[in-house]
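Here's the structure we're looking at; comments come further down.
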Ligand SMILES: NC(=O)c1ccc[n+]([C@@H]2O[C@H](COP(=O)([O-])OP(=O)(O)OC[C@H]3O[C@@H](n4cnc5c(N)ncnc54)[C@H](O)[C@@H]3O)[C@@H](O)[C@H]2O)c1
């Protein structure tokens, strides 16, 4: 169902690879809610993913950009404003990659060049896109920027490795940049801490299935799925949440505030 929540708004969505991606579902929902959007992803994802299919569905264009490259980001914002005909009202940063996770290096024996890459792609890219937008004055007053995070930024989860550190950086950038962008331009910056969701990035984490089911059994509402995440993003892009900024917002069916559940305790009963 559409409520017209984003009617007339212009947005940039990073990170839609295939139909499982959290960014893919968000792009579809934003389009349904009346927004005009531009899609972007790393140049390599143009070959690997199906982003052109999504562009057709959302009646839009794809502008390739490596989110770690300031030049690519400048080009992205300039072209997006040209295509959409004005400043940007909302941005979704839905980007994560760790070579250490891909190669399954233990946290106590990480490759530090890979670690820097993880931090650059999954954390610093958020600062880079915000800095580029800020300098170009590319985001409208009361615009909304969201990055997707995970609870391992606060609470250790084996297997998430250096992505946990990258997410801690990401959440801190939302608070720090949120202060300056809020004061200067009333731009809102938040992170959504999403439930485990079966996507290419999610499924690449060792033990993902066990943790997915564990979270499902702990959370009173169960895990939030990709469609729920898209709905939450739309609400935060909309004018209904104008005074929400610099927050890390848990979107996890109550998992983050639940120590255990009847089901899990029963499993350990005598
Ligand atoms: N799936 C989960 O369980 C889960 C849970 C919480 C948070 N998240 C976060 O959600 C976000 C989206 O992940 P997803 O689960 O939809 O997986 P996904 O694999 O569909 O999306 C990750 C995206 O990052 C893009 N990317 C990688 N390197 C890039 C670069 N240099 N420049 C631009 N883009 C680049 C990939 O091409 C891909 O589209 C990530 O930040 C992820 O950490 C996922």
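Any read-out appearing in this document is the output of simple, stated calculations on the displayed coordinates, not a laboratory observation. The shown structure was predicted, so the numbers you read here are calculated from the model rather than taken from an experiment. Using ideal geometry, Cβ is built from the backbone for each residue, glycine included, and neighbour counts are taken over all protein chains shown.
Sequence-distant contacts, meaning Cα pairs under 8 Å at least 6 residues apart, place the relative contact order of the chain at 19 percent. Using alpha carbons only, the radius of gyration of the stretch 18-171 set against its Kirkwood radius gives Rg/Rh = 0.98.
Arranged from highest to lowest average of other beta-carbon atoms within 10 Å per residue, in what order do the peptides 142-153, 255-266, 215-226 appear?
The most tightly packed comes first, giving 142-153, 215-226, 255-266.
Helical content alone sets the calculated 222 nm signal of the chain at -13000 deg cm²/dmol, taking -39,500 (n - 2.57) per DSSP H segment of four or more residues and averaging over every residue.
Between rounded, prolate and oblate, where does the stretch 124-270 land on the alpha carbon gyration tensor, with a ≥ b ≥ c its root eigenvalues, rounded for a/c under 1.5, else prolate if a/b exceeds b/c? Prolate shape, in that a/c is at least 1.5 and a/b is the bigger ratio. Just checking the listed ones, 31, 112, 93: in the Gaussian network model of the chain with Cα springs under 10 Å, the one fluctuating most is 112.
Distance from the Cα centroid of the stretch 193-255 to that of the stretch 100-125 is 23 Å (rounded to whole angstrom).
Taking the three principal axes of the alpha carbon atoms in the chain, the coordinate ranges are 65, 43, 38 Å, sorted in descending order. Determine the shape class of the stretch 1-68: with a ≥ b ≥ c the square roots of the Cα gyration tensor eigenvalues, call it rounded for a/c under 1.5, and otherwise prolate if a/b is greater than b/c, oblate otherwise. The shape class here is prolate. Output the 0 to 90 degree angle, nearest 10, between the alpha-carbon long axis of helix 208-218 and the longest principal axis computed from the alpha carbons of the chain. Computed tilt is about 80 degrees.
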